[in-house]
Amino acid sequence: MMNSKILIAKAVEAMENSYSPYSGFKVGAALLTKSGKVFTGCNIENASYSPTNCAERTAFFKAVSDGEREFTAIAVVGGKDGEISSFCSPCGVCRQVMTEFCEKDFMIILFDGKTTKAYTLEKLLPESFSI
């Protein structure tokens, strides 16, 4: 598996593309496929809020639209005005999207600017809904 530091660096780079004029909270994600490809995403806000898309879902939707269906890990970073100072954990909707495409041992890597935390999808979304 790709080094988590490399995946985090790609997430930080993706965060720079965030479109977040309303919250000022920039988020970046880097999604690793089982084949070793990395798809990045950033959060994209909208004035009416509900069309806003999280960085994690942006990365997943880019990957799925390119034919990828198997994933091993995602790194997620974020912070006000792009300053990473705390962990930025995926929202419930993003966790459900992960459940749609990932196994329970899929890794979610978080970085607060100093420390890294890693969780399995099963740990972050126990008793998840799937078909």
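Computing FRET efficiency as 1/(1 + (r/R0)^6) for PHE101 and TYR49, where r is the C-beta to C-beta distance and R0 is 22 Å, gives about 0.30. The alpha-carbon atoms of segment 64-119 define a convex hull whose volume equals 99 cubic angstrom per residue.
Computed over Cα pairs, the Kirkwood radius of the chain leads via Stokes-Einstein (1.306 mPa s, 10 °C) to a diffusion coefficient of 110 µm² per second.
Beyond 19 Å in Cα-Cα separation lie the following of the pairs LYS80/LYS104; LYS34/LYS117; LYS37/LYS123; LYS5/LYS37; LYS62/LYS117: LYS80/LYS104; LYS34/LYS117; LYS37/LYS123; LYS62/LYS117.
The length gained by stretching the chain between TYR22 and ALA9 to full extension, at 0.36 nm per residue less their Cα-Cα distance, is 2.2 nm.
If the chain between LYS80 and SER65 were fully stretched, how many nm would it gain, using 0.36 nm times the residue separation less the Cα-Cα distance? Display every interim value, and only then the final one.
On the way: separation 15, 0.36 × 15 = 5.40 nm, distance 2.95 nm.
Here the answer is 2.4 nm.
Contact order for the chain, expressed relative to its length and based on alpha carbon pairs under 8 Å spaced 6+ residues apart, stands at 22 percent.
No value in this document is a laboratory result; all are computed from the given coordinates. In this text the structure is predicted, and so the values were computed from the model without any measurement. Backbone-built Cβ (ideal geometry, glycine too); neighbour counts: all protein chains shown.
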